[in-house]
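Okay, so here's the structure we're looking at.
The values are calculated or read from the model by the stated rules, or taken from the named source; none is laboratory data. Just so it is clear, the model here is predicted, and its values are computed rather than measured. Quick reminder, even Gly has a Cβ in these numbers, built from the backbone with ideal geometry, and neighbours come from all protein chains shown. For accessibility, only protein heavy atoms count, side chains too; no ligands or nucleic acids. Shrake-Rupley method; radii C 1.70, N 1.55, O 1.52, S 1.80 Å.
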Amino acid sequence: MFASLRIRNYRLFALGQAVSNTGTWMQRIAQDWLVLSLTGSASAVGITIALQFLPMLVLGLYGGVLADRLPKRPLLIATQSLMGLTGVALATLTLAGDVRVWHVYVAALLLGLITVVDNPARQTFVAEMVGPRQLANAVSLNSANFQSARLVGPAVAGVLITAVGSGWAFLLNGLSFAAPVAGLLLMRTAELHRAEPQPRAKGQLREGLRHVAGRPELVWPIVLVGCIGTFGFNFPIWLSAFVGDVFHEDAGTYGLLNTLLAAGSLAGALLAARRGLARLRLLVTAALVFSALLVATAFAPGFWLFAALLVPIGMFGLTVNVTANTTVQTATDPEMRGRVMALFMMVFSGGTPIGAPLVGWVTDTYGPRIGMAAGGAASLVAAAAIAVVLSRVGNLRLSVSRQGVAFVPTAEGRLVKAA
């Protein structure tokens, strides 16, 4: 389960990310709560999230080109430092009492612009630290690291917001980026499995898209996470609305719900690390279960049932993300990995500027329960459609027996396999 941590460079990376991820989750909670406090609108929270992810939608592929062209370690030192400065700037405004909602919008947009380059560089740098044999394990442990921080960050943010306000959460997040920068500086560069930077040339973006096109093992995981990311991962909107409008609680309860969601996500990440292999049928099954749970949870009659259901939602949602990520990275040629992972992140995160305002409007207009159920239903339709497509591509059919429900080869599929 923890095989990648035997590698010194990856240990330094993981330790630095654990610190900065905790700060990131503190800022996310503080940011959502600050916007809700300033405006009283779930739509405003959706706009903030959309601005943070809009650059990935518009510029994400260009970030992947840069990640393939430039040495990744110096690039990450620069992007992580800039992220820290963004957090400190927002903290200064908030602690001074001068923060306005447009300040939060600008900070979210700047963070999104930095993420355009940071995300594909950070995703693909994992392969350079651990090599191809440990890649699947390291990807899963990265997610476990992120979700472990999600257990701590929201809880600490809830206490800080209630006690002294959002500004201190922003400040601690800004300072937390010193840890990953230090880890990157301390790495032994001779031990990296470096991918050769690609020389500047015309058509590199189109080349990456052609690499993905026509390969079902790349296309359909990317399409699926795009649909789930657009409609199913809008928890800041739903949870803040449920806490305020349905359960009439405070920031501490918002932090608790995020912690429960993170506990399930951490379990999903550790199971993925132990599992090792990533399979498309696991990806589709997890997506179907995740979407159905969203619909069921939307109509949970009481607070504690709603809270308890967030744990399996987190587990299956993280399984979707990790399985798709591992599938795409392991199926991609190393010289293309930056561009392909940029496309993956662009589709997954870039759908948020479309989904978040729409989900926020539905939530404001029809209530949190209808908003969450609508997101789950849209994700369920997408997952079911892609399951059908993959079954046809793989010459599979649905089989229902005493052993359960599964896709099995058709007669044609068995003949192809035999041939």
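Determine how many Å³ per residue the convex hull of the Cα atoms of the chain encloses.
Normalising the Cα hull of the chain by residue number yields 139 Å³.
Starting at the first residue of region 79-96, write each ³J(HN,Hα) from the Karplus equation 6.51 cos²θ - 1.76 cosθ + 1.60 with θ = phi - 60°, in whole Hz, x for Gly and Pro.
Listing the rounded values in order: 5, 5, 5, 5, 4, x, 5, 4, x, 5, 4, 5, 4, 4, 5, 5, 5, 7 Hz.
Checking the a/c ratio against 1.5 first, then a/b against b/c, what shape does the Cα gyration tensor give for region 1-72?
Here region 1-72 falls in the oblate category.
Report the relative contact order of the chain, percent, no decimals, based on alpha-carbon pairs under 8 angstrom and at least 6 residues apart.
It comes to 27 percent, rounded to a whole number.
Which whole-Hz ³J(HN,Hα) couplings does region 326-332 yield from phi under the Karplus relation 6.51 cos²θ - 1.76 cosθ + 1.60, θ = phi - 60°, glycine and proline marked x?
For region 326-332, the Karplus-derived couplings read 5, 4, 5, 5, 6, 8, 9 Hz, x marking Gly and Pro.
Taking amide H positions as placed 1.01 Å from N in the peptide plane, with prolines and chain starts having none, which residues 5 or more places from Met187, or on another chain, fall under 5 Å of its amide H?
Those lying under 5 Å, H to H, from Met187: there are none.
Under unit Cβ charges (Lys, Arg +1; Asp, Glu -1), what dipole magnitude, rounded to 20 debye, does region 121-250 have relative to its Cα centre?
700
Rounded to the nearest 500 deg cm²/dmol, what is the calculated helix-only ellipticity per residue at 222 nm for the chain, with -39500 (n - 2.57) per DSSP H run of length n ≥ 4?
Per the formula, -27000 deg cm²/dmol.
So what is the relative contact order for region 22-113, in percent, with contacts set as C-alpha pairs under 8 Å and at least six apart?
47
Using alpha-carbon positions, what is the distance between the centroids of region 8-56 and region 81-124, in Å?
Computed from Cα coordinates, the inter-centre distance equals 9 Å.
Would you mind getting the accessible area per residue of the chain, heavy atoms of the protein chains only, 1.4 Å probe, in Å²?
42
Would you work out which of Leu110, Val223, Val388 lies farthest towards the positive end of the dipole of the chain? Charges go on Cβ: Lys and Arg +1, Asp and Glu -1.
About the Cα centre, the residue reaching furthest to the positive side is Val388.
What translational D, rounded to a whole number of µm²/s, comes out for region 302-347 from Stokes-Einstein when the hydrodynamic radius is the Kirkwood one over Cα pairs, at 25 °C and 0.890 mPa s?
198
Give me a comma-separated list of calculated 3J(HN,Hα) values for region 62-71, in order, Karplus coefficients 6.51, -1.76, 1.60 applied at θ = phi - 60°, integers in Hz, x for any Gly or Pro.
5, x, x, 4, 5, 5, 7, 7, 9, x
Among 174-180, 45-51, how do they line up by average Cβ neighbours within 10 Å per residue, starting with the highest?
Packing order, densest peptide first, comes out as 45-51, 174-180.
Which percent of the accessible area of region 108-166 is formed by carbon and sulfur heavy atoms (probe 1.4 angstrom)?
Solvent-exposed carbon and sulfur of region 108-166 make up 67 percent of the total.
About its Cα centre, how strong a charge dipole does the chain have in debye, to the nearest 20, once Lys and Arg get +1 and Asp and Glu get -1 at the Cβ?
Here the size comes out at about 1500 debye.
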